[in-house]
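Enquirer: Before I ask anything, here is the structure I am working with.
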Amino acid sequence: MNLLRNLRFSLRVLRKNPTFTLAVALTLALGIGATTAIYTVVYATLIAKMPYPQPDQLVMVWLRIQDHRNGVSAGDYTDWVQQSHVFQDLKAFNGASFNMAGKGQPEMVQAQFATPGMYRMMGVPFILGRDILPEEGVDGKDHVAILTNRLWKRLGADPNILGKTITLDQKPYTVVGVWAAGQPDKLGWDVTVPLVFTQAQLNHDFHWLNVMGRLKPGVTLQQANADMRAVAAHIEQANPKSNHGYSATVEPLQNDFMDDNTKQALWLMLGAVGFVLLIACANIANLLLSRGATRQREVAIRSAVGASKHDIFVQFVTESVVLAAVGGALGIALGYAFLRGFIAVVPQDTLPSEANLQLSMPVLLVSIAATTLAGLLAGCAPAWYASRVDPADALKEGGRSGSSRVRHRLRQALVVGEFALALALLAGAGLLMHNFWNLNKVDLGVKVDHVLTFELPMNKDLNWPAEKIASYYQQIVRSVQSAPGVENASAVVGLPLEGAGFGMDFTIEGLGDYSDPSQRRNTGLQMITPDYFKTFGIRMTRGRTFTDADNAQSPRVAMVNEKFVQQFLQGKEPVGRRVNVKEILPGAQQLGPLQQWEIVGVFHDVRGGGWDHQRPEVDMPFAQSPWTDVNMGVRTAGDPAAMTKTIAAAVHAVDPTLALAYVKTLEEVRDDDLAGDRFGLVLFGFFAAIALALAAIGIYGVMAFSVGQRSHEIGLRMALGASRGNVVRMVMREGLALAGIGLVLGWVGAYFVGRAMQSMLFGVAALDVSAFCAVGLMLMIAALVACYFPARRAAAIEPMQALRTE
């Protein structure tokens with residue numbers, strides 16, 4: 001009964017003060033809205049269960065060496081299947097691409113090779129047909145395909161498509177299944193075909209597979225890891241040359257392909273919106289304290305007619321919670337809008353495909369809890385002060401109490417806290433801005449202007465020898481090179497800025513024994529055509545580049561980057577030294593015999609696979625080590641994007657079945673690589689801007705209220721000779737002192753924010769003086785502006801009128 005009476009009274013009070021109600025509700029809505037949006041993302045990606053049956057049983061199994069995760073060889077996978085005891089199922093898969101024939105130009109579709117039963121194990125639903133059967137996982141019976149719902153609709157959504165064929169790499173594949181719409185459409189491929197191992201592929205050297213498993217009921221991750229370590233040790237004993245030092249680990253499927261920096265960034269974003277919510281609560285508490293000071297006579301009258309301190313406390317807390325409920329409802333709506341904006345601008349492939357970025361019941365419960373907690377946090381202090389009002393003192397005309405001074409100090413303390421939190425957030429944004437500046441100033445090692453890039457996936461069923469593959473791509477490069485407007489063209493396995501095509505073990509002649517696995521080092525490996533360095537504008541620092549004379553019949557040669565020389569040769573002359581690397585057999589997922597490659601040149605480092613680090617790299621002539629799938633770079637005289645049709649025509653003049661995939665300028669490749677850092681900067685900066693605005697509003701509110709409460713004092717000062725300038729300086733000094741204290745405390749918090757962000761930053765220290773000083777100056781300017789208007793109002797007070805009023 002009392003609760004209903006308190007609620008009705010609270011609603012009446014809030015309706016009588018619509019401006020105050022709206023100000024509080026909007027302030028809280030900003031905090032709750034930001035919290036709801038970011039918590040939705042965190043919950044969907046890091047907390048919620050995967051959208052599969054018994055998701056806790058699904059795991060990824062990796063080969064590991066020296067704490068680095070590796071792909072799995074076919075030999076290791078088949079041994080795992082035979083020797084492990086903890087899995088219901090263990091399936092292998094690998095990404096691929098096909099040229100799919102259609103009515104017009106061929107298009108590339110992303111595909112997946114998977115061992116039979118992969119989707120039965122995962123529990124992926126089918127709208128038509130079935131999964132790949134075990135008998136379809138053998139050579140000769142493997143030309144069957146499963147389509148995503150997305151591709152099925154693109155092909156016309158034929159309900160009778162089962163049993164019909166689609167043409168992939170000029171070969172017919174019979175459609176046996178179509179997935180239901182939903183989760184499978186978010187995955188990175190459109191078609192799945194059986195993964196079949198040839199006898200040559202069943203080796204332990206070539207690491208090219210991903211392995212997913214489903215644990216038996218009751219098996220824990222600890223038990224699974226113990227079992228797989230024992231299996232890996234047995235395989236190492238049987239294959240010491242290939243498996244020395246390798247172990248196996250079992251890891252939850254959840255977020256397995258999500259990098260640690262992204263996970264850390266999401267937790268930091270959640271912390272950032274928590275800061276925003278705390279600042280909003282402090283602002284609301286200040287507003288409620290200020291309003292409480294104007295209601296002292298009301299409280300005194302209620303006390304005089306019999307209301308207890310408990311009754312007054314509960315009433316004020318109820319008003320705060322009702323205000324919070326209004327703000328929370330607006331905040332959830334605002335959170336939905338923030339979330340839609342987040343989804344629209346988040347870079348592709350940043351978040352796992354399984355993440356369901358929708359407002360869900362768990363998220364709403366957290367939002368309701370945050371709203372209630374915010375109402376209590378903001379309302380308890382004002383309610384306590386209201387319950388402590390002395391009725392006799394409050395009813396006196398112009399009476400003052402010691403509690404007013406305490407209340408004023410609390411408001412000041414809240415402002416100091418707001419500024420400290422705001423500075424910590426601004427410091428985080430400043431660090432990200434400095435990081436982004438550093439990344440933009442990095443020497444990429446390439447000239448990104450006037451270059452068009454694209455992928456050319458070759459037909460996988462051709463089984464051409466190495467010489468024919470090299471000749472095939474040489475014809476394509478020459479055809480593109482001869483197109484009007486083209487200056488240079490080249491083929492490369494892995495594009496600059498995106499990482500080398502392979503990672504390979506090697507030794508340097510005289511500096512290690514390849515037969516001893518502990519002596520081997522690892523480097524990035526590229527296969528390139530002769531004009532690669534001209535096409536991408538890569539600078540030579542020593543020796544020579546490759547020429548057309550470096551072919552399959554000539555001595556094997558290689559080039560290395562400066563990082564390779566620095567890390568492995570340590571001042572020794574690189575040119576003339578020989579690198580021992582096993583030959584990569586094209587299209588075979590198999591390593592050939594050990595070969596020696598003589599270093600003939602050194603080139604400037606090219607960034608790739610993450611701009612915050614450089615990796616050693618060895619480049620080989622494509623003619624001496626060809627590969628089936630390549631990327632091409634084409635340097636043009638004019639706009640490279642406008643040359644796409646001309647270049648496509650040159651490619652199709654050699655092979656009309658080839659699709660040009662992922663066509664981008666090199667500038668777009670660079671911008672895509674920076675998209676994640678840019679997005680983090682914008683999002684963190686957005687929350688920091690909200691925090692800055694709330695902190696400025698907070699100090700404005702405190703100083704404006706202080707001026708209103710001290711009009712008698714200010715009038716008396718001016719009557720005794722204080723100039724208007726003196727009054728402005730007095731008010732400004734008080735406000736800036738609060739901001740300054742918050743600034744000092746905030747710098748301490750900023751240092752810890754920098755420590756937490758350290759792994760995400762490139763060339764930026766946790767204590768970045770330039771960034772911290774810049775955001776500190778920004779915060780003080782905001783405080784200066786916020787204090788100026790109350791100071792002007794104070795200076796405009798007419799002394800006699802103020803004294804007469806008092």
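Enquirer: Restricted to the range 101-121, and to residues that are open to solvent by 10 Å² or more (accessible area, probe 1.4 Å) and not in a loop (DSSP other than H, G, I, E, B), which residue is nearest to residue 187 (Cα to Cα)?
Expert: Among residues in the range 101-121 that are open to solvent by 10 Å² or more (accessible area, probe 1.4 Å) and not in a loop (DSSP other than H, G, I, E, B), the one nearest to residue 187 (Cα to Cα) is 110.
Enquirer: State all residues of the range 499-531 that are aromatic (Phe, Trp, Tyr) and either more than 22 Å from residue 209 (Cα to Cα) or more than 30 Å from the chain's Cα centre (by Cα) (or both); if no residue qualifies, say none.
Expert: Listed by number, the residues that qualify are 506, 514.
Enquirer: Further, regarding this structure: Exactly one condition in (1) within 32 Å of the chain's Cα centre (by Cα); (2) closer than 25 Å to residue 132 by Cα; (3) open to solvent by less than 30 Å² (accessible area, probe 1.4 Å) is false for residue 248; which is it?
Expert: (2) is the only condition that residue 248 fails.
Enquirer: In the range 354-367, which residues are open to solvent by 30 Å² or more (accessible area, probe 1.4 Å) and within 20 Å of residue 184 (Cα to Cα)?
Expert: Those that are open to solvent by 30 Å² or more (accessible area, probe 1.4 Å) and within 20 Å of residue 184 (Cα to Cα): 354, 356, 358.
Enquirer: What's the total number of residues in the range 631-660 that are of a type in the set (A, V, I, L, M, F, W, C) and buried (at least 17 other Cβ atoms within 10 Å of the Cβ)?
Expert: Qualifying residue count, the range 631-660: 10.
Enquirer: For the range 744-780, enumerate the residues that are surrounded by 13 or more Cβ atoms within 10 Å (Cβ to Cβ) and more than 27 Å from the chain's Cα centre (by Cα).
Expert: Residues satisfying the conditions are 744, 745, 776, 778, 779, 780.
Enquirer: Output the residues belonging to the range 134-173 that are part of a helix (DSSP H, G or I), acidic (Asp, Glu) and open to solvent by less than 80 Å² (accessible area, probe 1.4 Å).
Expert: 136, the sole residue that qualifies.
Enquirer: Still on this structure: Any chance you could count how many residues in the range 538-556 are open to solvent by less than 70 Å² (accessible area, probe 1.4 Å) and assigned to a loop (DSSP other than H, G, I, E, B)?
Expert: Qualifying residue count for the region: 10.
Enquirer: Conditions first: (1) closer than 30 Å to residue 222 by Cβ; (2) out of contact with any strand residue (DSSP E or B) (no Cβ under 9 Å at 6 or more places or on another chain); (3) of a type outside the set (Asp, Glu); (4) at pLDDT below 90. Residue 64 passes all but one, so which condition is the exception?
Expert: (2)
Enquirer: Could you check the range 174-201 and list, in sequence order, the residues that are closer than 19 Å to residue 585 by Cβ and surrounded by 16 or more Cβ atoms within 10 Å (Cβ to Cβ)?
Expert: 195, 196, 197, 201
Enquirer: Between a residue in the range 167-194 that is under 19 Å from residue 94 (Cα atoms) and polar (S, T, N, Q) and any residue that is surrounded by 14 or more Cβ atoms within 10 Å (Cβ to Cβ) and modelled with pLDDT of 90 or more, which pairs come within a Cβ distance under 7 Å, given they are 6 or more apart or on different chains?
Expert: From the range 167-194, the pairs are 192/111; 192/112; 192/114; 192/145; 192/146.
Enquirer: So how many residues does the range 502-548 have that are farther than 26 Å from residue 239 by Cα and among the small types (Gly, Ala, Ser)?
Expert: Adding up the residues that qualify gives 2.
Enquirer: A follow-up question, please. Given (1) under 28 Å from residue 419 (Cβ atoms); (2) at pLDDT below 80, identify the lone condition not met by residue 302.
Expert: With respect to (1) under 28 Å from residue 419 (Cβ atoms); (2) at pLDDT below 80, residue 302 is out only on (1).
Enquirer: Mind checking which residues of the range 477-497 are surrounded by 22 or more Cβ atoms within 10 Å (Cβ to Cβ) and in a helix (DSSP H, G or I)?
Expert: Result: 477, 480.
Enquirer: So which pairs qualify, if the first residue must be in the range 233-262 and closer than 14 Å to residue 75 by Cβ, the second must be modelled with pLDDT under 85 and in a helix (DSSP H, G or I), the Cβ gap must be under 9 Å, and the two must be at least 6 apart or on different chains?
Expert: 240/517; 241/517; 242/517; 243/517; 246/517
Enquirer: Select, from 224, 230, the only residue that is in contact with a strand residue (DSSP E or B) (Cβ under 8 Å, 6 or more places away or on another chain) and either open to solvent by 70 Å² or more (accessible area, probe 1.4 Å) or part of a helix (DSSP H, G or I) (or both).
Expert: Just a single option satisfies the conditions, and that option is 224.
Enquirer: Could you tell me whether any residue of the range 571-581 is open to solvent by 40 Å² or more (accessible area, probe 1.4 Å), touching an Asp or Glu at 6+ places or on another chain (Cβ under 7 Å) and in a helix (DSSP H, G or I)?
Expert: no
Enquirer: Same structure, new question: Tell me, please, whether a residue that is without any contact (Cβ under 8 Å) to a residue 24 or more places away in the chain, under 30 Å from residue 139 (Cβ atoms) and open to solvent by 20 Å² or more (accessible area, probe 1.4 Å) can be found in the range 204-215.
Expert: no
Enquirer: Can you tell me which residue is modelled with the lowest pLDDT among those in the range 234-245 that are out of contact with any helix residue (DSSP H, G or I) (no Cβ under 7 Å at 6 or more places or on another chain) and surrounded by 14 or more Cβ atoms within 10 Å (Cβ to Cβ)?
Expert: Among them, the one singled out is 242.
Enquirer: Pick from the range 453-476 the residues that are of a type in the set (A, V, I, L, M, F, W, C) and assigned to a loop (DSSP other than H, G, I, E, B): which of them is nearest to residue 172 (Cα to Cα)?
Expert: Only one residue fits best here, namely 462.
Enquirer: Taking the conditions exactly as written (crowded, with 17+ Cβ neighbours inside 10 Å, among the hydroxyl-bearing types (Ser, Thr, Tyr) and in contact with a helix residue (DSSP H, G or I) (Cβ under 6 Å, 6 or more places away or on another chain)), does residue 84 satisfy them or not?
Expert: For residue 84, the condition - crowded, with 17+ Cβ neighbours inside 10 Å, among the hydroxyl-bearing types (Ser, Thr, Tyr) and in contact with a helix residue (DSSP H, G or I) (Cβ under 6 Å, 6 or more places away or on another chain) - is met.
Enquirer: While we're looking at this one, here's another question. Taking the residues in the range 599-626 that are at pLDDT 90 or above and of a type in the set (Phe, Trp, Tyr) as candidates, determine which candidate is surrounded by the fewest Cβ atoms within 10 Å (Cβ to Cβ).
Expert: Filtering first and then ranking leaves 603.
Enquirer: State whether one or more residues within the range 471-481 are under 28 Å from residue 208 (Cα atoms), touching a helix residue (DSSP H, G or I) at 6+ places or on another chain (Cβ under 7 Å) and either β-branched (Val, Ile, Thr) or touching a residue at least 24 places away in the same chain (Cβ under 8 Å) (or both).
Expert: Yes, the range 471-481 has at least one match.
Enquirer: Follow-up. How many residues does the range 736-771 hold that are assigned to a loop (DSSP other than H, G, I, E, B) and not hydrophobic (A, V, I, L, M, F, W, C)?
Expert: Of the residues in that region, 2 qualify.
Enquirer: A further question follows. Restricting to the range 174-187, name every residue that is in a strand (DSSP E or B) and touching a helix residue (DSSP H, G or I) at 6+ places or on another chain (Cβ under 7 Å).
Expert: Those that are in a strand (DSSP E or B) and touching a helix residue (DSSP H, G or I) at 6+ places or on another chain (Cβ under 7 Å): 178, 179.
Enquirer: So, one more: Condition first: open to solvent by 10 Å² or more (accessible area, probe 1.4 Å) and in contact with a Ser or Thr (Cβ under 7 Å, 6 or more places away or on another chain). Now tell me which residues in the range 435-458 satisfy that.
Expert: Answer for the range 435-458, where residues must be open to solvent by 10 Å² or more (accessible area, probe 1.4 Å) and in contact with a Ser or Thr (Cβ under 7 Å, 6 or more places away or on another chain): just 450.
The values are calculated or read from the model by the stated rules, or taken from the named source; none is laboratory data. Please read these numbers as outputs of a predicted model, since none were measured by experiment. Every residue, glycine among them, receives a Cβ derived from its backbone with ideal geometry; neighbour counts consider all protein chains shown. Keep in mind that these areas ignore ligands, DNA and RNA; they rest on the heavy atoms of the full protein, side chains included. Shrake-Rupley method; radii C 1.70, N 1.55, O 1.52, S 1.80 Å.
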